[in-house]
Amino acid sequence: MFLNKRKNIVCIVMGAGNDNQGNLDCDAIDRCNLLYELYKEKTDLKYILCGGKGEHFNTTVQNHHDYLLKYLIKLDQNIEKNCIGFVSSYNTIDDVNGSIEIINRKYPDAFVLAITNDYHVPRVSYLLSKSGIFKDSFSLLSAPSSYPTKWLKKRLEHEIGRISEYIDNK
C-alpha cells in the first residue's frame, strides 16, 4: 500500500462517542480498527487521538481519547508507543485545530491521514483544507457506517448544516 512509500505519517483519529461506562460507540471502534489495520502495515506510524468531554458524546470523568487508547492497547500493547498526542476536544473543529498544533510542533513535514467515518468525511475535509496547513499533504480515510440509511441521511444533513454554518460565519 502507499503507506510504505512515505516516511513520516501522522494519523488523526477523530473523536466519536462513548456511553456512561466508557464503552466506545461503533464509530469510535471503527475508527480505531482502521488505525490498527494501518499500524499493522506500518508499525512506525504515528497517531493522535481526539476527544474530550461533552454532553453529546462523553459524560464520564475521563476524556474520550483515554477510552480510544485503552481500546487500541487491547488490540496491541505496542501501539501505545506511537501515540504522539491527545486532543481533549469538544467538537470536530477542536479535533482539527488541536491536531494541527501537535503536528506542527512534533512532525511539521508529515503526511497527515485523518481517520473518521464515511458520513463525517465532508466536514473533516472542509476543515483541513481551509486550515491551509497541510496543503496537498493530507488525505482522509473513512470507515463505513453500519447505521441504517435513514439515520445516515439525517447525519449527512447535520454534517452539511455544520459546513454551511462555517461558511456563513466567515
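The values are calculated or read from the model by the stated rules, or taken from the named source; none is laboratory data. These numbers come from a predicted model, not from an experiment. Please note: Cβ atoms are built from the backbone with ideal geometry, for glycine as well, and neighbour counts cover all protein chains shown.
Points to keep in mind about this one:
- Candidates in region 43-80 are the residues that are basic (Lys, Arg) and within 18 Å of the chain's Cα centre (by Cα); of these, the one that is surrounded by the most Cβ atoms within 10 Å (Cβ to Cβ) is LYS46.
- Leading residue by the ranking (farthest from ILE48 (Cα to Cα)) among those in region 72-95 that are of a type in the set (A, V, I, L, M, F, W, C) and modelled with pLDDT of 95 or more: LEU75
- The numbered conditions (1) at pLDDT below 95; (2) of a type in the set (Val, Ile, Thr); (3) farther than 19 Å from GLY98 by Cβ are all true for ILE9 except (3).
- Of all the numbered requirements in (1) among the hydroxyl-bearing types (Ser, Thr, Tyr); (2) assigned to a helix (DSSP H, G or I); (3) over 27 Å from GLU165 (Cβ atoms); (4) without any contact (Cβ under 8 Å) to a residue 40 or more places away in the chain, TYR71 misses one, and that requirement is (4).
- Scanning region 124-148 for residues that are at pLDDT 90 or above and buried (at least 20 other Cβ atoms within 10 Å of the Cβ) returns a single hit, VAL124.
- Hey, LYS40 surrounded by fewer than 13 Cβ atoms within 10 Å (Cβ to Cβ) and either part of a helix (DSSP H, G or I) or touching a residue at least 60 places away in the same chain (Cβ under 8 Å) (or both) or not: yes
- For region 101-117, a residue qualifies if it is assigned to a helix (DSSP H, G or I) and either under 12 Å from the mean Cα position of the chain (by Cα) or exposed (fewer than 14 other Cβ atoms within 10 Å of the Cβ) (or both), and the qualifying residues are ASN104, ARG105.
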